[in-house]
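**Q** Before anything else, here's the structure in question.
Nothing in this text is a laboratory measurement; each read-out follows from the coordinates by a stated rule. Predicted, not measured: the structure shown is a model, and the values here were computed from it. Glycine gets a Cβ as well: all are built from the backbone with ideal geometry, and neighbour counts include every protein chain shown.
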Amino acid sequence: MKKLWSIISAIVMTFSLCACGQNVSATEPEGNGAASDVTAHLESTEQETESEEHNTENGQNELNVKETSAITLTIGDMVLHGYLNDSIPAQSLIAQLPLTVTLNDSDNDFCGGSLDIEYTESDVQSGYKNGDLAFWTPANNFVIFVDDEENSANTGNLVILGKITESQEVLDALEGTIDVTIALSDETEIQTDSVENTVAEETNINEVTETDRIENSTITSETEVSEVRVKITVGETELIAVMEDNATTQAIIEQMPMTLSMMDLYGREMCYRYGAYALPTDNLRSDGYEVGDIAYWAPGGSLVILYKQNGEQFERQHLGHIDSGVEIFESTGDVDVTFELVTD
């Protein structure tokens, strides 16, 4: 009987310690480990998304600046973008930034380092989604999950801290032992100890002088009877976009005419970053995109023109669509792009 109980106890311990590397014990030294991929941000991130969608449906147009902090993860010459959530564990990591950790490639994840993270049992979960940033409690490891989220339910002892928001292709390109420097993004003005300052900055972004209101009144009246069109100029090429009427679009139109230095990213999009949550949103959606779509990705404050399809689905504010000519961006590389409201 004692032998039987010993076998059962051993099996239970094996399942509870399989989170960061298949052969790692709870006392394994720094740098060893292999977490199964990133991703079912599980219920924590899904609940945040559901909450945001619920607020939107109820007409609450409050920005999510208070809920996440934009970060960068620098690996050699590569800079990845992501965010940390508003949990106590994530905030305890933010207090230590910038921080450099050495992570080992473990197929589904990169795992290592030794973090001092404040957490409670209610923060610990099983499962992840690709791109998730996590703390593995048995060895105090920092983990970047990159693959196999569909089989992650048995990966336990995880505290989800945030997420990398790059495409799956970027995650797939990571390999070997990597030194990762985690830092708050220079592009965000989020202050973890002063939400009031951030809210004040958001308010300033949305303020419009009385003169601006008068000048834009014609635009508003025209919107009611006809579609809003924007001319997009790239070198000698002119494209026409039909824009949606929403809070983000209105904030951008108020800045026109404008010329933005846009980056060619991931072989699929042109991108200009205003800074995390710099523009208002009122109708976020998460699904696939169409070639020619213009969208705003709030966590990076990114205005993007999607010129090629890769099948990815991501949460964004849809702004408009370019019917033809968007393939010009396949050969421009980084380029200055001019946006002007069509008034005739």
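**Q** Suppose R0 equals 22 Å; then what is the FRET efficiency for residue 323 and residue 233 from their Cβ-Cβ distance, rounded to the nearest 0.05? Please report the intermediate quantities before stating the final value.
**A** Values: r = 16 Å, r/R0 = 0.73.
With R0 = 22 Å, the Cβ-Cβ based efficiency is 0.85.
**Q** How much FRET efficiency would the formula 1/(1 + (r/R0)^6) give for residue 344 and residue 169, where r is the Cβ-Cβ distance and R0 is 56 Å, rounded to 0.05? Before the final figure, lay out each step's value.
**A** Numbers: r = 41 Å, r/R0 = 0.74.
Using R0 = 56 Å, I get an efficiency of 0.85.
**Q** Could you pull the Cα extents of the range 271-313 along its three principal axes, largest to smallest, in whole Å?
**A** Cα extents, longest axis first: 26, 20, 13 Å.
**Q** Project the alpha carbons of the range 305-344 onto their principal axes and report the range along each, largest first, in whole Å.
**A** Rounded to whole Å, the extents work out to 36, 25, 18 Å.
**Q** Pop out the ³J(HN,Hα) list for the range 160-170 in order, Karplus 6.51 cos²θ - 1.76 cosθ + 1.60 with θ = phi - 60°, rounded to Hz; leave Gly and Pro as x.
**A** 6, 9, x, 7, 7, 9, 6, 6, 4, 4, 5
**Q** Another one. In the range 270-342, what GluC sites (Glu not before Pro) fall in a loop by DSSP, with at most 11 other Cβ atoms inside 10 Å?
**A** Details: sites: 290, 312, 315, 327, 330, 340; in loops: 290, 312.
Sites meeting the loop and neighbour criteria: 290.
**Q** Full-extension gain between residue 118 and residue 263, please, as 0.36 nm times their residue separation minus the C-alpha to C-alpha distance. List each step's numbers first, then the result.
**A** Values: separation 145, 0.36 × 145 = 52.20 nm, distance 3.77 nm.
Working it through step by step, the gained length comes to 48.4 nm.
**Q** Can you give the log10 of the normalised intensity I(q)/I(0) at q = 0.13, 0.19 Å⁻¹, computed with Debye over equal Cα scatterers of the range 217-333?
**A** Log10 of I(q)/I(0), two decimals: -0.48, -1.07.
**Q** Report, to two decimal places, the Cα Rg of the range 77-196 normalised by 2.2 N^0.38 Å (N = number of residues).
**A** On the way: Rg = 13.8 Å, N = 120, 2.2 N^0.38 = 13.6 Å.
Compactness ratio reported: 1.02.
**Q** Computed over the Cα atoms of the range 277-344, what is the ratio Rg over Rh, Rh following Kirkwood?
**A** On the way: Rg = 12.7 Å, Rh = 13.2 Å.
Value, to two decimals: 0.96.
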